[in-house]
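Structure first, commentary second.
Readers should treat all values here as calculations from the given coordinates under stated rules, not as data from a laboratory. All figures in this text were calculated on a predicted structure; none of them were measured in a lab. In this analysis, Cβ positions are derived from the backbone assuming ideal geometry, glycine residues included, and neighbour counts consider all displayed protein chains.
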Amino acid sequence: MAKKFPIVPKHPERICWGCDKYCPTDGMHCGNGSERTPHPAELFGDDWQAWGIDAASSPEPEPAPGPQAPPEPPDDTPA
């Protein structure tokens, strides 16, 4: 069974988050690589759970209006 994943760890920089072993950065045992895997809060900020696949569905924001075409010149031909 996997260990419970800490949502807001006190010192995420001290641990490799690549597997369930949560090894210290100076003694990785899993062979996950030469560098530690950062916690999602380190990559995406403290609100990392507020978005993504598991985030609560919220309405999409309205897109910003794009550039508009310049106005057409007035038609000076007699009617």
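In a fully extended conformation the segment linking Cys23 and Asp76 would gain 11.2 nm over its present Cα-Cα distance, using 0.36 nm per residue.
Can you tell me which of 38-46, 14-22 comes out highest on packing, and rank the rest after it, using the mean Cβ neighbours within 10 Å? Walk me through the numbers before you get to the answer.
Details: 38-46: 14.2, 14-22: 15.9.
My ranking of the peptides, most packed first, is 14-22, 38-46.
Where does the charge balance sit around Thr25 when Lys and Arg score +1, Asp and Glu -1, over other residues with C-beta under 14 Å from its C-beta? Taking every other residue near Thr25 into account, the sum is -1.
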